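The values are calculated or read from the model by the stated rules, or taken from the named source; none is laboratory data. Computed from a prediction, not measured in an experiment: that's the story for all the values here. Ideal geometry is used to build each Cβ from the backbone, glycine not excepted, and the neighbour counts take in all protein chains shown. Just the protein is used for accessible areas: all its heavy atoms, side chains included, with ligands, DNA and RNA removed. Shrake-Rupley method; radii C 1.70, N 1.55, O 1.52, S 1.80 Å.
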Amino acid sequence: QVRLVESGGGLVQAGTSLKLSCAASGSIFNINLVGWYRQAPGKQRELVASITSASATNYAYFVKGRFTISRDNTKNTVYLQMNSLRPEDTALYYCNLKQRASDYWGQGTQVTVSS
């Protein structure tokens, strides 16, 4: 079993930065894919960024150039550095881990960006 715990969310002003962390514990295999998703009220959950165990990254078009995903495999932690935040980035941010045939989610961390 795998447990994911997100942290780092908060209330910030537009144009500032936040760094989210996703700490994984339990049976973590060497090959996995970790993604950050977000869900705003009344909207569907959407992929923000993902990173493979070899650190290959993928970004949604709406965060490219502003957000950076990274990972520290020694700490089983994935980060999302969010710069130049906009009010439309306001959402509950979730961490997701996929390995083998399993899919795990954290509880989410709230990010609120005021204008």
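Quick one: count up the residues across region 56-98 that are part of a loop (DSSP other than H, G, I, E, B) and open to solvent by 50 Å² or more (accessible area, probe 1.4 Å). So the count comes out to 11.
For region 13-23, the count of residues that are out of contact with any Gly (no Cβ under 8 Å at 6 or more places or on another chain), in contact (Cβ under 8 Å) with a residue 24 or more places away in the chain and under 17 Å from Ile69 (Cβ atoms) is nonzero.
In region 99-115, the qualifying residues are those that are open to solvent by 70 Å² or more (accessible area, probe 1.4 Å) and either of a type in the set (A, V, I, L, M) or not in a loop (DSSP other than H, G, I, E, B) (or both), and the one that is nearest to Lys19 (Cα to Cα) is Gln110. Number of residues in region 22-48 that are open to solvent by 50 Å² or more (accessible area, probe 1.4 Å), in a strand (DSSP E or B) and within 20 Å of Arg86 (Cα to Cα) equals 3.
A quick yes/no check of all residues on (1) in contact with an Asp or Glu (Cβ under 7 Å, 6 or more places away or on another chain); (2) modelled with pLDDT under 95:
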{"site": "Asn76", "(1), (2)": "no, yes"}
{"site": "Asp89", "(1), (2)": "no, no"}
{"site": "Leu97", "(1), (2)": "no, no"}
{"site": "Ser102", "(1), (2)": "no, yes"}
{"site": "Val111", "(1), (2)": "yes, no"}
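Of the candidates Phe29, Phe62, the single residue that is of a type in the set (Phe, Trp, Tyr) and over 21 Å from Ser114 (Cβ atoms) is Phe29.
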